[in-house]
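For reference, the structure discussed in these notes is given below.
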Amino acid sequence: MIEAHDLTKRYGSKTAVAGVSFRVEPGTVTGFLGPNGAGKSTTMRMIMGLDRPSGGSVTVNGKPYAQHRAPLHEVGALLEAKAVHTGRSARNHLRALAATHGIPAKRVAEVIEMTGLGSVAGKRVGGFSLGMGQRLGIAAAMLGDPRTLILDEPVNGLDPEGVRWVRGLVRHLADQGRTVFLSSHLMSEMAITADHLIVIGRGRIITTGSVREVIDRTSGTTVSVRSPQSGALAQALVAKGGEIVSSDGDLLSVRGLEAAAVGETAAANGVVLHELTPTQASLEDTFMTLTAGDVEFQTTTSQSGVSA
């Protein structure tokens, strides 16, 4: 378990993390979301004892990371995949880490096999691709068979097979009762991997909850309904408490009413329907809505459709 209480980090006059409190429970995959500069990496570094908090506290499995006698057995982390001596082979890098905790060579071989590094384990890390570097970072995080796993952008640089592998790995670890805390910019992947979300912006927590709770709370459900009598239907739906989000010919987009209520309203008013489809916002759309005012660099779209 990871517990943060009023965790704060300042760099001079800049506050990177401002009094955040949260709990990452065992047996769940908790996604940590936020735009660039939101404070995700700083928070993860404080959890790992790499940055000293300016205020508040954070513990892993009941203690600050530095107080664990054998930290690799408590928490494994991937924060910077390239933080490896480029002249070492992957195998020697893992052996050096294992030696600090008396971890046997057998376990090194196991994580090499687990992460698909067998064919390149004897090669120097300096020649690794980004994806291979990510796999090595995950292997290092898993070396001590830890109860808690912290992964910062673990699928960055991985091909589809690698992304699917990471998804299966973290789900398997959570199913074993371990604590899994990960960040990712791939919203579609987070939507199907995470059990719980923590969304942060400008160093403050914006919202928390399950994926469905966060989406429903922010965006809700929209119903697409098509009718040759769209004008009459729109009036009836508004009278029923619905909101017409958009109208395009005979197609209406309605918010505030469930699909069943839209159909019943149409039937009660003698309106013919050609289509009735409930649609829920994606996690990506919800994330953009939640963090619209918290991005460091805001792009705009010109009339030509090119971002600037």
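Residues are listed down the side, and each one gets a yes or a no for (1) touching a helix residue (DSSP H, G or I) at 6+ places or on another chain (Cβ under 6 Å); (2) in contact (Cβ under 8 Å) with a residue 24 or more places away in the chain:
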position: D175; (1), (2): no, yes
position: V180; (1), (2): yes, yes
position: I198; (1), (2): no, yes
position: I205; (1), (2): no, yes
position: T221; (1), (2): no, yes
position: K240; (1), (2): yes, yes
position: E243; (1), (2): no, no
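Residues in region 117-136 that are surrounded by 13 or more Cβ atoms within 10 Å (Cβ to Cβ) and either closer than 18 Å to L151 by Cβ or not small (G, A, S) (or both): L117, V120, K123, R124, V125, F128, G131, M132, G133, Q134, R135, L136.
Considering region 234-271, and only residues there that are within 32 Å of the chain's Cα centre (by Cα) and not in a strand (DSSP E or B), the residue that is nearest to G220 (Cα to Cα) turns out to be G256.
Scanning region 77-118 for residues that are touching a Gly at 6+ places or on another chain (Cβ under 7 Å) and β-branched (V, I, T), we see that the one that is modelled with the lowest pLDDT is T86.
Residues being at pLDDT 95 or above, surrounded by fewer than 15 Cβ atoms within 10 Å (Cβ to Cβ) and farther than 27 Å from H172 by Cβ are entirely absent from region 24-47.
In region 36-55, the residues that are closer than 12 Å to T8 by Cα reach residues that are surrounded by fewer than 20 Cβ atoms within 10 Å (Cβ to Cβ) and of a type in the set (S, T, N, Q) with C-beta atoms within less than 6 angstrom, at least six apart or across chains, in these pairs: S54/T8; G55/T8. Looking only at region 72-109, residues that are under 19 Å from Q134 (Cβ atoms), part of a helix (DSSP H, G or I) and of a type in the set (K, R) come to 1 in all. What do you reckon, is G133 of a type outside the set (A, V, I, L, M, F, W, C) and part of a loop (DSSP other than H, G, I, E, B)? Taking the combined requirement at face value, the residue does not satisfy it. Among the residues of region 23-45, the ones that are touching a helix residue (DSSP H, G or I) at 6+ places or on another chain (Cβ under 9 Å) and not β-branched (V, I, T) come to 7 in all. The listed residues are G177, G231, and the only one of them that is part of a loop (DSSP other than H, G, I, E, B) and either under 30 Å from T265 (Cα atoms) or of a type in the set (G, A, S) (or both) turns out to be G177.
Checking L186, L151, L158 one by one, the residue that is modelled with pLDDT of 90 or more and either under 16 Å from F32 (Cβ atoms) or in the same structural domain as A18 (by TED's automatic domain parsing) (or both) is L151 and no other. Of the residues making up region 18-42, those that are assigned to a strand (DSSP E or B), under 19 Å from E153 (Cα atoms) and of a type in the set (V, I, T) are V24, V29, T30.
Where residues in region 137-156 are within 22 Å of S183 (Cβ to Cβ) and among the acidic types (D, E), which of them is surrounded by the fewest Cβ atoms within 10 Å (Cβ to Cβ)?
Filtering region 137-156 down to residues within 22 Å of S183 (Cβ to Cβ) leaves 137-144, 146-156.
Filter again for among the acidic types (D, E), leaving 152-153.
On the way: D152: 21, E153: 19.
Applying the filter and picking the extreme gives E153.
Reported count of residues in region 199-231, each being exposed (fewer than 15 other Cβ atoms within 10 Å of the Cβ) and among the small types (G, A, S), is 3. Look through V272, V238 and report the one residue that is surrounded by fewer than 16 Cβ atoms within 10 Å (Cβ to Cβ), in contact with a Pro (Cβ under 7 Å, 6 or more places away or on another chain), over 25 Å from M44 (Cβ atoms) and at pLDDT 90 or above. One residue alone meets the criteria, V272.
The values are calculated or read from the model by the stated rules, or taken from the named source; none is laboratory data. Computed from a prediction, not measured in an experiment: that's the story for all the values here. Cβ coordinates were reconstructed from backbone atoms using ideal geometry, including for glycine residues, and neighbour counts include every protein chain displayed.
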